[in-house]
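Each remark here refers to the structure printed beneath this line.
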Amino acid sequence: MNLKELFQNWGLEFLILGWFFFVLYPFGPAITFDSVSFIQAGENFWSGNGYVHSGSNGLEFAAHRFPIYPLILGLIGNTPWMLLVLQFLLFTVSLFAFRYLLKLLEAPRYFLTIFALSSLLVNYYCLWTEGLYGLLFILLFIQLKKEENFRPIVWVGVVVGFLCLTKMVGLVCGGALLMAYLFQKRYLRGFLIVVLSISVIIFWTLLGVSYLGETARVVEFHPIGFQDVKGVFQALGDVLLPLNSSSYLAIVLGVILFVFPLIYLIKHWKIKEQLSLLEWFLLIHFYGYIAFILLSKMFIDASIPIEIRTFFPLYLNLFVLAVLAIKAEGFTANLKHKLNYLLPKLILLFVGWNCFGLLDFRTVGVGYNSADWQSFEFTSAISRLDAEVVYTNDQAALNYFSDFRLNPKLLAEKQNLYTLQNNPLFQEEMDGILGEVASIAAARIVWIRNGITQNVYPTYEELKENDRLEIVYDDWLCLILKAK
């Protein structure tokens, strides 16, 4: 193969990979609150200290950190260039797996350009489970396409099992596949997949119960409001838009994308027997995933954000359904002709628009290694902090900037982050913490300004004005205190 043929066959892929590395390199991969927990749990496991991370009272079993991604991070260690290689590798393999899927579907290669969209790229840019989940999700599409020829189900089961061990939403894949197999009257395969999915989740949950004596999240009712429903449409619309775009435009796009799978199903209902396993899965998974997120927010964790990270699997879901739509049997020839004409132009238009937004994103970054966090002076104070006991409102920042030396505990909660319920024992628990700090000379309280826990723990003003505490460091962004 000469150079000209190489660029004809692989030029688009190289261009996308070059663009991703260009955006990723200056500050990535982004380290966020969850990233620190993943790294800590993985490193502790491979060090022989157990699968533990910082909890309310120090180290505890990381029950709600599903293990595959943290274990990979633990093998790599907290080395910036190795973490960069990992995220670039996940992105690269995902891109080439999607290329292979397009080949199986006999679809045009221009769909590869979706990997230059902010909504996909950022999920590989950040040190989140989404990068691994996205790769596994694409591999599932490939296996489902191959499964049309009634190939052995073992590889479908393996991929679904890994999805369930990467994120709890992998359970949605198992449920969607059960329904897809039922519509195809392949009952045994559906039963096997759903039993596998539930077994994996139950195993991990019981492991958490055995270590913690309770589940990772308390089941309580938190009503879903208008803002949550609005957030669903906005998050769907954000798939095509640059970061921080107009919410109104995102909502309009989101409404269109929300009904797209329904229209696809209605158009094919008369010939539903001809729908492939992959088509059934995509249609069921799309609405099942949204329902799962809303139910989880309603009963398990009210703090679940509805954003591009949460909806990342749905973006892949929608794009593969769009790939199938250009040749769908249920659509008229005229409609398929219009789709073939409009889709490449629309995708390229949105990709170009996203690229301008990502240029700004590249110069700032996100997370603890972003330009903002690198400019903060208090991070040096944390790195030098020598304390026997530390209480904080932000364990992740303390762990990251102290290289996991401090093993901080959490301050008393005024309001639970997950249930949003007020803590009636707050003052009693806070008095206990202040008493412990007073009894240990090398004890410190470290408060860091962030928007995630601003309503959960004591405020900057409350701690600063407490007459039992003395200020060691104060720059408004960070407050370090000891007992008087």
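Rolling a 1.4 Å probe over the protein heavy atoms leaves K272 with an accessible area of roughly 60 Å². Find how much the distance from V93 to E148 grows on full extension, using 0.36 nm per residue of separation minus their present alpha carbon separation; answer in nm with one decimal. That works out to 17.4 nm of additional length.
Take the Cα of W476, step 7 Å toward its Cβ, do the same at I76, and the gap between the two points is 3.6 nm.
Here's how it looks for V390: its modeled amide H is under 5 Å from those of K409, R444, which are all 5 or more places away or on a different chain.
The relative contact order of the stretch 377-476, computed from alpha carbon pairs under 8 Å that lie at least 6 residues apart in sequence, is 31 percent. Compared with the direct C-alpha span, the chain from E60 to N407 gains 123.8 nm at full extension, assuming 0.36 nm per residue. Place a label point 7 angstrom from the Cα of K230 along the Cα-to-Cβ direction, then list the residues of the stretch 307-322 whose backbone nitrogen is under 18 Å away. Output list for this probe position: 307-308. In sequence order, the stretch 94-101 has phi-based couplings of 4, 4, 6, 5, 5, 4, 5, 4 Hz under the Karplus curve 6.51 cos²θ - 1.76 cosθ + 1.60, θ = phi - 60°, and Gly or Pro positions carry x.
Residue ranking by accessible heavy-atom surface, 1.4 Å probe, largest first, among S383, S402 comes out as S383, S402. Whole-Hz Karplus values for the stretch 75-83 come out as 5, 7, x, 7, 10, x, 5, 6, 5 Hz, taken residue by residue from phi with 6.51 cos²θ - 1.76 cosθ + 1.60 and θ = phi - 60°; glycine and proline positions read x.
Taken one residue at a time, the phi angles of the stretch 220-235 give Karplus couplings (6.51, -1.76, 1.60, θ = phi - 60°) of 9, 8, 10, x, 7, x, 4, 5, 5, 5, 4, x, 4, 5, 5, 5 Hz. Gly and Pro are set to x. Specify which residue in the list A322, A442, S370 is farthest towards the positive end of the charge dipole of the chain, using unit charges on the beta carbon of Lys, Arg (+1) and Asp, Glu (-1), about the Cα centre. Positive-most Cα among the choices belongs to A322. Amide H contacts under 5 Å for G55: E60, restricted to partners 5 or more places along the chain or on a different chain, H placed in the peptide plane at 1.01 Å from N. Of the residues I153, L121, W19, the one whose Cα sits farthest toward the positive end of the charge dipole of the chain, with +1 on the Cβ of Lys and Arg and -1 on the Cβ of Asp and Glu, is I153.
When all protein chains stay in place and ligands, DNA and RNA are ignored, the 1.4 Å accessible-area order of L420, L104, L277, largest first, is L420, L104, L277. A simple charge model with +1 on the Cβ of Lys and Arg, -1 on the Cβ of Asp and Glu and nothing else charged puts the dipole of the stretch 1-148 at about 300 debye relative to its Cα centre.
Of the beta bridges in the chain, as assigned by DSSP with both residues counted there, near 65 percent are antiparallel. Taking every protein chain into account, the 1.4 Å probe leaves Y211 with about 150 Å² of accessible area, to the nearest ten. Amide H contacts under 5 Å for V472: I480, L481, K482, restricted to partners 5 or more places along the chain or on a different chain, H placed in the peptide plane at 1.01 Å from N.
How large is the dipole of the stretch 292-446 about the Cα centre if only Lys and Arg carry +1 and Asp and Glu carry -1, each at its Cβ, rounded to the nearest 20 debye? Display every interim value, and only then the final one.
Numbers: 12 positive and 15 negative charges, 236 e Å.
With only Lys, Arg, Asp and Glu charged at Cβ, the dipole is about 1140 debye.
The mean sequence distance of close C-alpha pairs (under 8 Å, at least 6 residues apart), as a share of the length of the stretch 252-324, puts its relative contact order at 41 percent. Measuring with a 1.4 angstrom probe and ignoring ligands and nucleic acids, D403 comes out at about 100 Å² accessible. Residues in the stretch 312-337 near a label at K272, defined as backbone nitrogen under 18 Å from the 7 Å Cα→Cβ point? Residues passing the 18 Å test: 329-331.
Under unit Cβ charges (Lys, Arg +1; Asp, Glu -1), what dipole magnitude, rounded to 20 debye, does the chain have relative to its Cα centre?
Details: 34 positive and 37 negative charges, 501 e Å.
Dipole of the chain, to the nearest 20 debye: 2400 debye.
Computed over the chain, the alpha-carbon pair-distance distribution with 20 angstrom bins reads 21, 54, 22, 3, each value a whole percent. Between F111, F292, G134, the Cα set farthest toward the positive side of the dipole of the chain (charges on each charged residue's Cβ, about the Cα centre) is that of F111. The portion of the accessible surface of the chain made up by carbon and sulfur, rounded to a whole percent, is 64 (1.4 Å probe; DNA, RNA and ligands excluded). When the residues S439, S380, S370 are ordered by accessible surface, computed with a 1.4 Å probe over the protein chains alone, the sequence from largest down reads S439, S380, S370.
For L182 and R109, calculate 0.36 nm times their separation in residues minus their Cα-Cα distance, and state this gained length in nm to one decimal.
Values: separation 73, 0.36 × 73 = 26.28 nm, distance 3.23 nm.
Answer, rounded to one decimal: 23.0 nm.
Based on protein heavy atoms only, the chain ends up with 46 Å² per residue of surface accessible to a 1.4 Å probe.
Using C-alpha pairs below 8 Å separated by at least 6 residues, the relative contact order for the chain is 17 percent.
The values are calculated or read from the model by the stated rules, or taken from the named source; none is laboratory data. None of the values given here were measured: they were computed from a predicted structure. No Cβ is skipped: glycine too gets one built from the backbone with ideal geometry, and neighbour counts run over all protein chains shown. The accessibility values were calculated without ligands, DNA or RNA, using every heavy atom of the protein model including side chains. Shrake-Rupley method; radii C 1.70, N 1.55, O 1.52, S 1.80 Å.
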